[in-house]
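See below for the structure under consideration.
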Amino acid sequence: MRILDGEGVRKNFGGLAAVAGVDFCINQGEIVGLIGPNGAGKTTIFNLISGALNPSSGQIRFNGESITGLKPYQICKRGVARTFQSAKLFADMTVINNVLVWSLFGKSARTPVADAEMEAREALAFVGLSEKEELPAKDLGIAAQKRLEIARALATKPQVILLDEVMAGLNPTEVTQAIELIKQIWNKGISVFMIEHVMKAVMGMADRVIVLHHGEKLAEGTPEAIAKNRKVVEVYLGE
Amino acid sequence: MHSFRVTSNKKALFLALLIVILIFAATMPLYIQPYIIISLTSIFMYIVLTVSWAIFSAPTRYISLASASFFGTGIYVWAILGSALPLPIVVGIGGLVSSLLALLTGLLTLRLRGLYFIIFTFGFSEFVRHSSQWWEINISGTEGRWVVGVDHTIIYYAMLILAFLTLITAYAIRRSRFGLALQSIGQFEEAAAHAGINVTAMKIMTFAISAFFMGAAGAIMATRWSYIDPSIAFSPLISFMPVLMAIFGGIGQLYGHILGAGVLTILAEVLLTEFPYYYMLLFGLILLAVILFLPHGLVGLMEKWWKGGLAGKHANT
Ligand SMILES: Nc1ncnc2c1ncn2[C@@H]1O[C@H](COP(=O)(O)OP(=O)(O)O)[C@@H](O)[C@H]1O
Ligand SMILES: [Mg+2]
């Protein structure tokens, strides 16, 4: 069953078509990878889905209903949560309060503070940051920052999570742990749409991979098919 | 317990202190000189202005320089309605009209950030001053207005009650989910928006709440002048004072705002009477020194002493 899909999604920045009419679709319970060279338009697609940007044309639907042009807070409340490529943390606030903002405001129903606190703790435990609850977010290292980003998104109890390069800047051990974490997220029944530069990670995990190049969809298919795709190999060798 | 709720220790201390001060303040006019009553009214007024300014600007980090336009609007509401209606009603109307003005400004300005927001709010405030000047001269055919005066003790009590209401509101907002949302906007607005917070509505609403108290304060203070004109009512000084007072006292804490307003009002009065010619110069130098050497204001200094004292005791035992 389709949970999130885009049709002819386009975003122009001045003369540049950062996203040039892309179709995509995430089915319930899938992990879909979004890959492509730097500047291909991957983050822009996430910005369009999450409402940070309005598409120049095209439609984005969530559970069959159009969410095109909705504001970020509305899209979050509907059940689409995201992380940011460069962590956008509330630097001076504690780790737990960072998550609390998401669990308190991110759901469609009003959540009592006590419940939201419990959910924030659960989300932190889930990503393995329980011990850092009372630290200010700015004191976290890169790996922990990425985990905090994920915990915040999870605290909204989303149906779909958009992960923007959560493995960038991590060492190999941390990458392995991040892969494990994403599998656990998927185990919770959350559909995952992930941008990743670390090819190995996407290839090992995704049900399907979409390759973006200069704002256009270059290829789409199973990881095996993508790995063998001549156009994709050329783009990546040429990088 | 998280830091968005004040820790219970501090809370108890704060409440106890507030109650003592209130009882003290409420009985004050019984045994004190009238001129001190007038000074105290000024302190309360600046507490209202600083605390209400900080309701919006401290957590969100949108530094507003529009306070004078809200305060002045309150003054004019009194000038127009003061002789017709009872004081509490005029004060309430002053607050509401200022709130409406803030809603309008909010819709216009809150897309701007940082320096642009600061400059626009200041420009807006000046625009209000100049347009009311134009209006008074060309439409009403007056430059200024005579204002109905009220007894000093009544002004004192009105301002005391308003200060109390402002503090309760500020305190309640800080402690609530609403306060947490405002804080997250100040920390990283884009992230706050993606956390499910309607940042635009939140900012405009808070701006209007903050303007309500400024307008109400203006309506009360108007009674102290017998004559007003737009350059008195919309004096830009009123836009700058709350910012300076909050920074002076310590912008992160509610009692910092109170402290800053109190100390600076007294300081300004003392300087004005002792050094009438160098008043502004000295005032500016003291402010500069505080901003340079006490980045967390008076509150930062006090907390340092407090902690230093505790550490000293531990070292001795
Ligand atoms: N807000 C913006 N304004 C103007 N240009 C943008 C904006 N966001 C992205 N771009 C441009 O769009 C293109 C795609 O960017 P992006 O989606 O971030 O790529 P990716 O995430 O695939 O590396 C880049 O050329 C980038 O410079
Ligand atoms: Mg990107």
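The values are calculated or read from the model by the stated rules, or taken from the named source; none is laboratory data. The structure displayed is predicted, hence computed values, not measured ones. Neighbour counts run over all protein chains shown; Cβ positions are idealised from the backbone, glycine included. When the accessible area is computed, the model is the full protein with side chains, heavy atoms only, and any ligands, DNA or RNA have been set aside. Shrake-Rupley method; radii C 1.70, N 1.55, O 1.52, S 1.80 Å.
Residue-wise test of (1) in the same structural domain as residue A:13 (by TED's automatic domain parsing); (2) aromatic (Phe, Trp, Tyr); (3) open to solvent by 40 Å² or more (accessible area, probe 1.4 Å).
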site	(1), (2), (3)
A:99	no, no, no
A:103	no, no, no
A:120	no, no, no
A:182	yes, no, no
A:187	yes, no, yes
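Per the listing B:72, B:92, B:106, the residue uniquely of a type outside the set (S, T, N, Q), in a helix (DSSP H, G or I) and modelled with pLDDT under 95 is B:106. Tally time: how many residues in the range A:58-94 are more than 16 Å from ligand 1 (Cβ to nearest atom) and either more than 19 Å from residue B:198 (Cβ to Cβ) or assigned to a loop (DSSP other than H, G, I, E, B) (or both)? Qualifying residue count for the region: 18. On the given criteria, is residue A:84 outside the structural domain of residue A:16 (by TED's automatic domain parsing), open to solvent by less than 40 Å² (accessible area, probe 1.4 Å) and either at pLDDT below 95 or within 13 Å of ligand 2 (Cβ to nearest atom) (or both)? It is true that residue A:84 is outside the structural domain of residue A:16 (by TED's automatic domain parsing), open to solvent by less than 40 Å² (accessible area, probe 1.4 Å) and either at pLDDT below 95 or within 13 Å of ligand 2 (Cβ to nearest atom) (or both). Of the numbered criteria (1) surrounded by fewer than 22 Cβ atoms within 10 Å (Cβ to Cβ); (2) touching a Leu at 6+ places or on another chain (Cβ under 8 Å); (3) not β-branched (Val, Ile, Thr), the one residue A:17 fails is (2). Take the residues in the range A:41-75 that are basic (Lys, Arg) and more than 15 Å from the chain's Cα centre (by Cα); name whichever of them is surrounded by the fewest Cβ atoms within 10 Å (Cβ to Cβ). Only one residue tops the list, namely A:61. Applying the set (1) open to solvent by 10 Å² or more (accessible area, probe 1.4 Å); (2) within 13 Å of ligand 1 (Cβ to nearest atom); (3) over 16 Å from the mean Cα position of the chain (by Cα) to residue A:224 leaves exactly one unmet item: (2).
Taken as a whole, the condition of being away from ligand 2 (no atom under 16 Å from the Cβ) and not aliphatic (A, V, I, L, M) does not apply to residue A:47.
For every residue, the table says whether it meets (1) touching a residue at least 60 places away in the same chain (Cβ under 8 Å); (2) basic (Lys, Arg); (3) under 15 Å from residue B:155 (Cα atoms).
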| position | (1), (2), (3) |
| --- | --- |
| B:36 | no, no, yes |
| B:39 | yes, no, yes |
| B:49 | yes, no, no |
| B:58 | yes, no, no |
| B:68 | yes, no, no |
| B:73 | yes, no, no |
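Would you confirm, using the coordinates I've provided, whether residue B:184 is without any contact (Cβ under 8 Å) to a residue 24 or more places away in the chain and surrounded by fewer than 22 Cβ atoms within 10 Å (Cβ to Cβ)? Against the criterion (without any contact (Cβ under 8 Å) to a residue 24 or more places away in the chain and surrounded by fewer than 22 Cβ atoms within 10 Å (Cβ to Cβ)), residue B:184 does not qualify.
Only one of the listed residues (B:212, B:188, B:248) is touching a Lys or Arg at 6+ places or on another chain (Cβ under 9 Å) and at negative phi. That residue is B:188. Filtering the range A:1-51 to residues that are within 9 Å of ligand 1 (Cβ to nearest atom) and part of a loop (DSSP other than H, G, I, E, B) leaves A:14, A:36, A:37, A:38, A:39, A:40, A:41.
Residue-level analysis places residue B:165 outside the set of residues that are touching a residue at least 24 places away in the same chain (Cβ under 8 Å) and surrounded by 19 or more Cβ atoms within 10 Å (Cβ to Cβ). Taking the range B:190-216 as the range and being among the polar types (S, T, N, Q) and more than 14 Å from chain A (Cβ to nearest Cβ) as the test, the residues that pass are B:206, B:210. Look at the range B:266-289: where a residue is touching a residue at least 24 places away in the same chain (Cβ under 8 Å) and a partner is of a type in the set (A, V, I, L, M) and open to solvent by less than 70 Å² (accessible area, probe 1.4 Å), sitting 6+ places away or on another chain with Cβ atoms under 6 Å, you get B:287/B:244. Tell me, please, whether a residue that is within 14 Å of chain A (Cβ to nearest Cβ) and either modelled with pLDDT of 95 or more or under 21 Å from residue B:44 (Cα atoms) (or both) can be found in the range B:217-227. No, that holds for no residue. Here B:112, B:107, B:65 are screened, and the one residue that is among the aliphatic types (A, V, I, L, M), in contact with a Phe, Trp or Tyr (Cβ under 7 Å, 6 or more places away or on another chain) and open to solvent by 20 Å² or more (accessible area, probe 1.4 Å) is B:112. Within the range A:168-177, is there a residue that is more than 14 Å from chain B (Cβ to nearest Cβ), away from ligand 1 (no atom under 16 Å from the Cβ) and not in a helix (DSSP H, G or I)? Checking the range A:168-177: at least one residue is more than 14 Å from chain B (Cβ to nearest Cβ), away from ligand 1 (no atom under 16 Å from the Cβ) and not in a helix (DSSP H, G or I).
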